[in-house]
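To start, the structure itself, in structure tokens.
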Amino acid sequence: MAKRLTIIRHAKSSWENPDFDDHDRPLNKRGLRNAPEMGARLAKRNWLPDLFLVSTARRARDTATLIAVEVGYMEERIVLDDRLYLAEPGEWRNIIDTFPAEATHIACVGHNPGITELANHFSDELINNMPTCGLIDMGFEVDAWADLFATKPVTFEFDYPKKPPP
């Protein structure tokens, strides 16, 4: 059984209110525009994960909700996971290794720099910086999530808001 993993960096967040804790920062105007745009791109590809796992940070939750609306994923099915908040590559590996076996497509929303490092683990070309609301969508010919890091993806797509749509 093949596995598909989509990793999304949260959309652009606001630094307007310096009193907000990092965890509580909302999306700014660009973020509120980019997340539905990326969701619409995903909807055109009939993208619908079995599980949508999201950092507990407000900017990640809001990004996931805006994308979910566009692709028809029920908002109440979004699963918040505190381990994704500022997760580094080693933490990402631990999280992925524990994905439910029955799920064939899982999407996650998280943060840099961990997402850029994770993308570069699987990419054949260097990604200097995963842009806000950027994503990598990868397909693997493995039966278990724990086997992802021992192989390269058979499909790899890197998309972001400023990239012209195909």
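The values are calculated or read from the model by the stated rules, or taken from the named source; none is laboratory data. Bear in mind the structure is a predicted one, so any value in this text is a computation, not a measurement. Reconstructed Cβ throughout: ideal geometry from the backbone, glycine too, with neighbour counts over all protein chains shown.
Every test in (1) touching a residue at least 40 places away in the same chain (Cβ under 8 Å); (2) closer than 22 Å to R25 by Cβ is passed by T65 save one, and that test is (1).
For the stretch 22-43, a tally of residues being touching a residue at least 12 places away in the same chain (Cβ under 8 Å), surrounded by fewer than 17 Cβ atoms within 10 Å (Cβ to Cβ) and basic (K, R) returns 1. Just one residue in the set T104, T65, T98 is within 15 Å of the chain's Cα centre (by Cα) and among the hydroxyl-bearing types (S, T, Y); that residue is T65.
Among residues of the stretch 1-21 that are on the phi < 0 side of the Ramachandran plot, those with a Cβ under 9 angstrom from a residue that is loosely packed, with under 10 Cβ neighbours inside 10 Å, sequence gap 6+ or separate chain, pair up as K12/K29; S14/K29.
Each residue in the stretch 82-93 was checked for being under 20 Å from L148 (Cα atoms) and either exposed (fewer than 12 other Cβ atoms within 10 Å of the Cβ) or of a type in the set (D, E) (or both), and 3 of them qualify. Within the stretch 115-129, can one find any residue that is in a loop (DSSP other than H, G, I, E, B), over 11 Å from the mean Cα position of the chain (by Cα) and closer than 17 Å to Y85 by Cα? No, there is no match, as no residue in the stretch 115-129 is in a loop (DSSP other than H, G, I, E, B), over 11 Å from the mean Cα position of the chain (by Cα) and closer than 17 Å to Y85 by Cα. Screening the candidates T65, T104 for the property of being more than 15 Å from S13 (Cβ to Cβ) and either of a type outside the set (A, V, I, L, M, F, W, C) or surrounded by fewer than 18 Cβ atoms within 10 Å (Cβ to Cβ) (or both) yields one hit, T104.
Is it true that some residue in the stretch 74-82 is without any contact (Cβ under 8 Å) to a residue 60 or more places away in the chain and under 20 Å from P131 (Cα atoms)?
For the stretch 74-82, residues without any contact (Cβ under 8 Å) to a residue 60 or more places away in the chain and under 20 Å from P131 (Cα atoms): absent.
Test A107 against the stated conditions and say whether it is in a strand (DSSP E or B), among the hydrophobic types (A, V, I, L, M, F, W, C) and either at pLDDT 95 or above or in contact with a Gly (Cβ under 8 Å, 6 or more places away or on another chain) (or both). So A107 fits the description; yes.
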